[in-house]
Amino acid sequence: MVSGPSRGGEDAGTAMKVLAGDIGGTKTWLQVTEFSGATSRTLAEQRFVSAAYPDLLPMVREFLLSAGIPVVDAACFGVAGPVQGDVARQTVRVTNLPWQLDSTALAQASGIPKVSLINDFQAAGYGIEALTAADVAVLHPGDPQQHAPRLVVGAGTGFGTAQLIWQQDHYAVFPAEAGHAEFAPSDALQAEFSQYLMQQGGRGFYDRVLSGNGLVNCYEFLATRQSGNVSATQQQAIHDEEDVAASITRRALAEDDPLASAALDFFITLYGAWTGSLALITQPRGGVYVAGGIAPRIIERIRTGGFMQAFLDKGVMTPVVAAMPVQVVLNTKVGLMGATLAGSRL
C-alpha cells in the first residue's frame, strides 16, 4: 500500500505524529513517533496481549489515552494476515485472531485522518532499511549483489514471508502467504512427520510446522516415536506451562531435556530447509533476512545447528543458494520500525 524511500510533502518545520502497530496473533506493539524534518523521536510505546481485546480500536484508544496523546496525524498497522483492497481502503482478517480490520472504519472511529493497513511482513520488509549491524547476526556471508532482490522470512505465531524488489531508488515490498503452502518433506523422518500432521487433522502446511505451535507439533511427534524413553511426568510438566513452545525451548537450550533438544533441532532443520527452498524460488542475492519472534531466542542453536546445512542442501542448486547472504534479524521490533516508516509517508 505504501512505497517510497522517504517522507514526502512535509515542511522541515512541521511535526508529524505517527501511530504504528505490529499486530500479531499473540502480541501487539503500538508506538507513537514524532517526525520533524529529518529527525524523529519516540513519544510512547506499549506491548499488548492481542487476545485480551475484542478488536484493535479499543486497544488504540486505551494506548493513546494512557500516553496522553489525543491526536495523531497518521497511523499504519502491520497485520498478520492477507491485506485486501487498494491505496484508498484496506481490509484484513487477522489470521490468528477473530479481528476483521478496515482502514476506513478505523479512521472514522478513531478520528485519525490517514490509516493504512499492511501485511506484517511487508512492515518487516520496510523495517529492514532501518536496521544497523547490531540488529542482525550473520549466518552466512554469501556474495551479495547491490540492489538485488531480498527475502524476509520469519516464524512466530505463524510463518510469514515478503520479497523486496529494487525500484529506481528504493525497495518495494511484496508480502506472500508461504506459511499456508503445503509442507514438503525431504527425508523419511519428515515424511512421517507430514503423515502425523494430517492424522492430527487438516492440511500439513508450514504454519503448523514453523511457528510456536509448530515447535510443539515437532515435540509431540518425536514423543510418539520415543514413547518408551520419555516419561509421562516429563511431558506433562511441559504441557502444564502456559506457553508450551517457550517451555520446550527453555528446556532444550538448558540441555537438560533430550526430547526438547531433539524437537528444537528438528524444528531448526525444517526452518532452514524451507527458507532455502524459498530462496531458490525468489533468488534473493541481496540477502535473506530471518525475522520473526522465534529466531532471536534460539540464535546460538541456529548458529551451531542444522539451519544452514539444510538451507544449503539443494543438490545441484547448492552453489546458487550458497551465493545468498543469510542473517537473523535480532531486533524483534523490525515490523514496528517498518510500520512507522510507512506511516510517515502517508
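The values are calculated or read from the model by the stated rules, or taken from the named source; none is laboratory data. None of the values given here were measured: they were computed from a predicted structure. Glycine gets a Cβ as well: all are built from the backbone with ideal geometry, and neighbour counts include every protein chain shown. We work out accessible area using only protein heavy atoms, side chains counted, and drop any ligands, DNA or RNA first. Shrake-Rupley method; radii C 1.70, N 1.55, O 1.52, S 1.80 Å.
For the stretch 80-98, which residues satisfy the criterion of being more than 19 Å from residue 213 (Cβ to Cβ) and open to solvent by less than 30 Å² (accessible area, probe 1.4 Å)? Selection gives 90, 92.
Here is a list of conditions, (1) in contact with a Phe, Trp or Tyr (Cβ under 7 Å, 6 or more places away or on another chain); (2) more than 30 Å from residue 117 (Cβ to Cβ); (3) among the polar types (S, T, N, Q), and residue 318 meets all of them except one; can you say which number that is? Condition (1) is where residue 318 drops out. Yes or no: residue 342 in contact with a Cys (Cβ under 7 Å, 6 or more places away or on another chain) and in contact (Cβ under 8 Å) with a residue 12 or more places away in the chain? Yes: the conditions hold for residue 342. Of all residues in the stretch 284-322, those satisfying the criterion of being among the aliphatic types (A, V, I, L, M), open to solvent by 20 Å² or more (accessible area, probe 1.4 Å) and touching a residue at least 12 places away in the same chain (Cβ under 8 Å) are 294, 299, 308, 312, 317, 320, 322.
Please work out if residue 58 is out of contact with any Lys or Arg (no Cβ under 8 Å at 6 or more places or on another chain) and either at positive phi or assigned to a helix (DSSP H, G or I) (or both).
Taking the combined requirement at face value, the residue satisfies it.
Restricting the stretch 129-147 to residues that are among the aliphatic types (A, V, I, L, M) and open to solvent by 10 Å² or more (accessible area, probe 1.4 Å) leaves a set whose member that is farthest from residue 305 (Cα to Cα) is 130. If I ask for residues that are among the hydrophobic types (A, V, I, L, M, F, W, C), part of a helix (DSSP H, G or I) and closer than 29 Å to residue 341 by Cα, which ones from the stretch 171-218 would you list? Selection gives 178 alone. Note on the stretch 237-271: residues that are free of Cβ contacts under 8 Å to residues at least 40 places away in the same chain and either in contact with a His (Cβ under 6 Å, 6 or more places away or on another chain) or of a type outside the set (A, V, I, L, M, F, W, C) (or both) total 13.
State all residues of the stretch 58-67 that are open to solvent by 60 Å² or more (accessible area, probe 1.4 Å) and touching a residue at least 12 places away in the same chain (Cβ under 8 Å); if no residue qualifies, say none. Spell out how you get there, then give the answer.
If we filter the stretch 58-67 for residues that are open to solvent by 60 Å² or more (accessible area, probe 1.4 Å), which is where we start, we get 61-62, 65-66.
Hits for the stretch 58-67 are 61, 66.
The residue of the stretch 12-39 that is most open to solvent (accessible area, probe 1.4 Å), among those that are in a strand (DSSP E or B) and at pLDDT below 95, is 39.
Could you please let me know if residue 157 is open to solvent by 20 Å² or more (accessible area, probe 1.4 Å), outside any strand (DSSP E or B) and either in contact with a strand residue (DSSP E or B) (Cβ under 7 Å, 6 or more places away or on another chain) or touching a residue at least 60 places away in the same chain (Cβ under 8 Å) (or both)?
On the way: open to solvent by 20 Å² or more (accessible area, probe 1.4 Å): yes; outside any strand (DSSP E or B): yes; either in contact with a strand residue (DSSP E or B) (Cβ under 7 Å, 6 or more places away or on another chain) or touching a residue at least 60 places away in the same chain (Cβ under 8 Å) (or both): yes.
Yes; evaluated as a whole, the condition is true for this residue.
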